[in-house]
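Shown next, in structure tokens, is the structure this report addresses.
Derivation of every value follows stated rules applied to the coordinates shown; laboratory data play no part. Please read these numbers as outputs of a predicted model, since none were measured by experiment. Neighbour counts are summed over all protein chains in view; Cβ atoms, including those assigned to glycine, are modelled from backbone coordinates with ideal geometry.
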Amino acid sequence: MPADLKKILLFADFTPEELEKVRSISRQEKISRGEYAFHEDKPGDTLILLDMGTLKLTKKTKKGEDQELVQLGSGSYVGEMSFFDQGLRSASGVAMETCQVTVIPIPALHSLLDKNPSMAAKFYKRMATGIAHRLKYLNEDFAALKNFLASRR
């Protein structure tokens, strides 16, 4: 069953024709509970849209233990850092339940956006907004952590 890309904020402004272009370069995958969608320090060559389910993002501590960063639900996406820097994944993502995802190869998405400036403008605006929201929440978490540490002195 094709994903409803309109439910993913990155594509909320796209026309039906533009959504079809995105679908043409993407694939659907099912991820079982406990299965990893991606691993920290592995190439980040895909943008992953969470159509249905919950992914827990984790990062390895210096002791090698998984530290939970966040749980993402339906309508979320991961891979935005790799989209811009073509680097390695900064965290791992494990399914907390059976998940349905849409996987978009980043090189194909770059190519599609390069050929379609109107789509690119919409996509980059939504991507910037998403990153700004995540940064806002990170700032709030950082301030809370600083307050917590200051109260322990």
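Each of V94, A132, M52 was placed along the dipole of the chain (beta-carbon charges, centred on the mean Cα), and the one lying farthest toward the positive end is A132. Here the peptides 4-13, 89-98 are ranked by packing, the mean other Cβ count within 10 Å, and the order with the highest first is 89-98, 4-13. With helices as the sole contributors, the chain gives -13000 deg cm²/dmol at 222 nm; each DSSP H run of n ≥ 4 counts as -39500 (n - 2.57), and the sum is divided by every residue. Taking Cα centre as origin and charging only the Cβ of basic (Lys, Arg, +1) and acidic (Asp, Glu, -1) residues, the dipole magnitude of region 55-137 rounds to 220 debye.
Consider the candidate values (1) 1.12; (2) 1.75; (3) 2.03; state which one is Cα Rg over 2.2 N^0.38 Å computed from the structure displayed. Identified label for the calculated read-out: (1).
Think of each Lys and Arg Cβ as +1 and each Asp and Glu Cβ as -1; about the Cα centre, that makes the dipole of the chain roughly 500 debye. Spin-label model, Y124/Q71: points 7 Å from Cα along the beta carbon direction are separated by 3.7 nm.
Extension gain, F142 to Y36, is 35.4 nm, computed as 0.36 nm per intervening residue step minus the present C-alpha separation.
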